[in-house]
Amino acid sequence: MIPSLASRHSWFEATARKRIAGLLDSGSFVEILPPAESSPSPHLAKLDLPGAFDDGIVIGCGQLEKQAVFIAAQEGQFIGGAVGEIHGAKLVGLLKRAAREKPAAVLLLIDSGGVRLHEANAGLIAISEIMRAVLAARAAGVPVLALIGGSCGAFGGMGIVAKLCSAILISEEGRLALSGPEVIETVAGVEEFDSKDRALVWRVTGGKHRYLMGDCAMLVEDDVSAFRVAATKFLADWQEPAPSVGLLRATQRQLENRLTAYGAYRDGLQIWAALGVKNPESVPLLDRDSLVALKEGLPT
């Protein structure tokens, strides 16, 4: 059900704390390392750069429809949600605690361009530790959901983290990829990828494309309450599968087949046509329900 325009609150425009407040049961959130206990990045201070008391990520526990969950929300408005040492340590600590205490789920509200370049190796190490902690939580039977719909998307190391999660819930406004458009253009040139072509960027990395490709479990309206409904619905039907080599090999085969089928294409329009979409030019104009219906009608 789509909320009325008067009651909708954009996930894309909301801060990390507003996303948490709208996602969890009212009054249930308890912040871990609140403002009085948290500390900003020492690395930024040494570079004479402004820090943030929470280092761009809010972590804590609460309830979702009366189920205990852990939650972490990145603040895209602070250095693009980039991961540094303190930022990463907070997320790793939350995931490790989840593996021990086994809440109903961990919700990762991803809004990040990747590693914080100001902190270089510390940020890269943090990403590797987050990846390990996500897999450890899942191995302990705790589903880890990535919710993507912020202005920074999920790129770089956090794009990898998102794909390691149990599932991804994404809005049309969300974006997901390994390298960001600006990075590709800088390395390979504008002929390879024009980062200023916003329509192209969303056709290649945006939520609709990722949903059609099967990279995301659910496509969600750009509304905080819609993400709450989607997360609740997904968790009600989800059982974390036991990790196995067979499952990994099957996933690898799927990726290899996809690369063979679509590797030569340079635009989402070409891929959508290959998927069987009769009018691929119409996809960017479709609303959420129409796109879901379109995918369900595609050849398998």
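The values are calculated or read from the model by the stated rules, or taken from the named source; none is laboratory data. On a predicted model such as this, the values are computed, not experimentally measured, just so you know. Because the Cβ atoms are built from the backbone with ideal geometry, glycine has one as well, and the counts that use them run over all protein chains shown.
Laid out as a table, the results:
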read-out: Answer from GLN77, GLN63 - the residue that is outside any loop (DSSP other than H, G, I, E, B) and polar (S, T, N, Q); value: GLN63
read-out: Unmet requirement for ILE170, which otherwise passes all of (1) part of a loop (DSSP other than H, G, I, E, B); (2) crowded, with 23+ Cβ neighbours inside 10 Å; value: (1)
read-out: Selection count, segment 3-38, where residues are assigned to a loop (DSSP other than H, G, I, E, B), modelled with pLDDT of 95 or more and of a type in the set (Asp, Glu); value: 2
read-out: Considering residues of segment 173-194 that are charged (D, E, K, R), under 23 Å from GLU13 (Cβ atoms) and in contact with a helix residue (DSSP H, G or I) (Cβ under 9 Å, 6 or more places away or on another chain) only, the residue surrounded by the most Cβ atoms within 10 Å (Cβ to Cβ); value: ARG175
read-out: Residue within segment 233-251 that is modelled with pLDDT under 95, touching a strand residue (DSSP E or B) at 6+ places or on another chain (Cβ under 9 Å) and of a type in the set (Phe, Trp, Tyr) present; value: yes
read-out: Residue satisfying all of: in segment 95-114; touching a helix residue (DSSP H, G or I) at 6+ places or on another chain (Cβ under 8 Å) and assigned to a helix (DSSP H, G or I); farthest from PHE53 (Cα to Cα) among these; value: ALA99
read-out: Qualifying positions in segment 221-247 - touching a residue at least 24 places away in the same chain (Cβ under 8 Å), in a loop (DSSP other than H, G, I, E, B) and either among the basic types (Lys, Arg) or closer than 24 Å to ARG138 by Cα (or both); value: TRP238, GLU240, PRO243
read-out: Pick from segment 136-163, criterion of a type outside the set (Gly, Ala, Ser) and within 9 Å of the chain's Cα centre (by Cα), ranking: surrounded by the fewest Cβ atoms within 10 Å (Cβ to Cβ); value: LYS163
read-out: Per-region count, segment 256-283, residues in contact (Cβ under 8 Å) with a residue 12 or more places away in the chain, assigned to a loop (DSSP other than H, G, I, E, B) and either within 25 Å of the chain's Cα centre (by Cα) or surrounded by 14 or more Cβ atoms within 10 Å (Cβ to Cβ) (or both); value: 2
read-out: Tally, over segment 126-185, of residues that are touching a Gly at 6+ places or on another chain (Cβ under 9 Å) and among the basic types (Lys, Arg); value: 1
read-out: Residue within segment 167-176 that is hydroxyl-bearing (Ser, Thr, Tyr) and touching a Lys or Arg at 6+ places or on another chain (Cβ under 9 Å) present; value: yes
read-out: Flag for LEU108 being surrounded by 16 or more Cβ atoms within 10 Å (Cβ to Cβ), in contact (Cβ under 8 Å) with a residue 24 or more places away in the chain and either at positive phi or in contact with a Cys (Cβ under 8 Å, 6 or more places away or on another chain) (or both); value: yes
read-out: Selected residue (criterion: modelled with the highest pLDDT) from residues of segment 39-61 that are surrounded by 13 or more Cβ atoms within 10 Å (Cβ to Cβ), within 30 Å of GLU101 (Cα to Cα) and not hydrophobic (A, V, I, L, M, F, W, C); value: GLY60
read-out: Residue within segment 202-220 that is assigned to a loop (DSSP other than H, G, I, E, B), crowded, with 21+ Cβ neighbours inside 10 Å and among the charged types (D, E, K, R) present; value: no
read-out: Which numbered condition PHE227 fails, given (1) surrounded by 10 or more Cβ atoms within 10 Å (Cβ to Cβ); (2) more than 20 Å from the chain's Cα centre (by Cα); value: (2)
read-out: Lone qualifier among ALA133, ALA199, ALA120 - being in a helix (DSSP H, G or I), over 17 Å from the mean Cα position of the chain (by Cα), over 25 Å from GLU13 (Cβ atoms) and small (Gly, Ala, Ser); value: ALA120
